[in-house]
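Report on the structure given below.
The values are calculated or read from the model by the stated rules, or taken from the named source; none is laboratory data. What you are looking at is a predicted structure, and each value in this text was computed from that prediction instead of being measured. Reconstructed Cβ throughout: ideal geometry from the backbone, glycine too, with neighbour counts over all protein chains shown. For the accessible areas, the whole protein counts, side chains as well, though only heavy atoms, and no ligand, DNA or RNA atoms are used. Shrake-Rupley method; radii C 1.70, N 1.55, O 1.52, S 1.80 Å.
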Amino acid sequence: NLEHSILMKQWALNWSGHLKNYFPAYILVFIPTVVRLSSISKIRQFIAIPFNRFLLVWLFINLGLENHNLFIKAHQPLHFTRGYVWACLFIIGLPVIVSFISSIVKQRSIIAKIAILILVTTISFADNLAWIAIQANKQFNGGGGGGGITITKSQKEVFDFLRNNYFKNEVLISQDKKIGYLSTVYTPYRSYYTHDYNTPEALKKWSILEKYLNNCQEDSSIMKLNQVVVVFKSNQKCISNLNAQLIFSNSTYEIWHKQFY
């Protein structure tokens, strides 16, 4: 349909990975895979097992997906890098990894075995730990951004209220993009504006929303909707013009309810 066509165009972005990123991301599982398939006889032995042939199909399909920009128009290829290739390489190289670790810990003390286990685990999850640390630092030091992994106490209070006070067939309009986006997760509401790339005609809709709440300009696409409006308490320039009822307030937000019919 029309909305899906619009979204497809918005998704057509060349967000692709780079070789300098692939190397550290896959090196720990790539080397054991190469060792396991290091000769013709080992490859023949490997592909003789149906599950292993499935692993190879899995590997090449996902390599194609996360690098599809090399063959067709790019649709955010980076979003296909969700650990599928890593997981596949890990399973293929697992016997080599197990053999290597066993040879290291053999005839060692319990303390040494625990230390080796901690070291191997830390190295294996270094990428995940680094990402969590970076995002947590941004979140708790005002960095914010699309990678934020927490919600504030005030935002949670808004979600709790909206979840427990659902006006059927009404649309949520929010000055806070994060509330507009996550309301589709934490509440039953449809949101006028959600994710930047998952909202049809996103730039146009955000412009309409800003003009509506900041400049008191009414647009037909909004005026025909029954609304639940979330605004910052410090930014209520046009809220009095909405002819709406205040139904919730906390330290940061107010929620107003407006019915047209």
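Residues checked against (1) in contact with a Leu (Cβ under 7 Å, 6 or more places away or on another chain); (2) under 30 Å from T199 (Cα atoms); (3) among the small types (G, A, S):
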| site | (1), (2), (3) |
| --- | --- |
| A12 | no, yes, yes |
| Y26 | yes, no, no |
| S41 | no, no, yes |
| R44 | no, no, no |
| E66 | no, yes, no |
| A74 | yes, yes, yes |
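Inspect all residues belonging to region 95-111 and state whether any of them is in a helix (DSSP H, G or I), in contact with a Phe, Trp or Tyr (Cβ under 9 Å, 6 or more places away or on another chain), at pLDDT below 95 and surrounded by 16 or more Cβ atoms within 10 Å (Cβ to Cβ). Write out each step before concluding.
At the first step, the residues of region 95-111 found to be in a helix (DSSP H, G or I) are 95-105, 110-111.
This time we only want the ones that are in contact with a Phe, Trp or Tyr (Cβ under 9 Å, 6 or more places away or on another chain), so: 97.
Now drop any that are not at pLDDT below 95, which leaves 97.
From the residues that got through so far, the ones that are surrounded by 16 or more Cβ atoms within 10 Å (Cβ to Cβ) too are 97.
Within region 95-111 (the criterion being in a helix (DSSP H, G or I), in contact with a Phe, Trp or Tyr (Cβ under 9 Å, 6 or more places away or on another chain), at pLDDT below 95 and surrounded by 16 or more Cβ atoms within 10 Å (Cβ to Cβ)), the answer is yes, since at least one residue qualifies.
Applying the condition of being exposed (fewer than 13 other Cβ atoms within 10 Å of the Cβ) and small (G, A, S) to region 208-249 and asking which residue is nearest to K177 (Cα to Cα) yields S234. Number of residues in region 189-199 that are more than 17 Å from I247 (Cα to Cα) and either more than 18 Å from the chain's Cα centre (by Cα) or hydroxyl-bearing (S, T, Y) (or both) equals 7.
Tallying residues that are within 22 Å of the chain's Cα centre (by Cα) and not in a helix (DSSP H, G or I) within region 153-172 yields 1.
Selection of region 210-227 for residues being of a type in the set (S, T, N, Q) and within 20 Å of I255 (Cβ to Cβ) yields N214, N226, Q227. For region 12-33, how many residues meet the condition of being open to solvent by less than 70 Å² (accessible area, probe 1.4 Å), in a helix (DSSP H, G or I) and not small (G, A, S)? Total meeting the criteria: 6. Of all residue pairs spaced 6 or more apart or on separate chains, those with beta-carbon atoms under 6 Å, a first member in region 196-211 that is free of Cβ contacts under 8 Å to residues at least 12 places away in the same chain and a second member that is part of a loop (DSSP other than H, G, I, E, B) and open to solvent by less than 50 Å² (accessible area, probe 1.4 Å) are T199/Y193.
Can you tell me how many residues in region 49-94 are among the small types (G, A, S) and assigned to a helix (DSSP H, G or I)?
Going through region 49-94, the residues among the small types (G, A, S) turn out to be 64, 74, 83, 87, 93.
Next cut, assigned to a helix (DSSP H, G or I) only: 64, 87, 93.
Number of matching residues: 3.
Among S191, S109, which is the only one that is free of Cβ contacts under 8 Å to residues at least 24 places away in the same chain, within 30 Å of V29 (Cα to Cα) and not β-branched (V, I, T)?
Working: S191 fails: within 30 Å of V29 (Cα to Cα).
After ruling out the rest, the residue left standing is S109.
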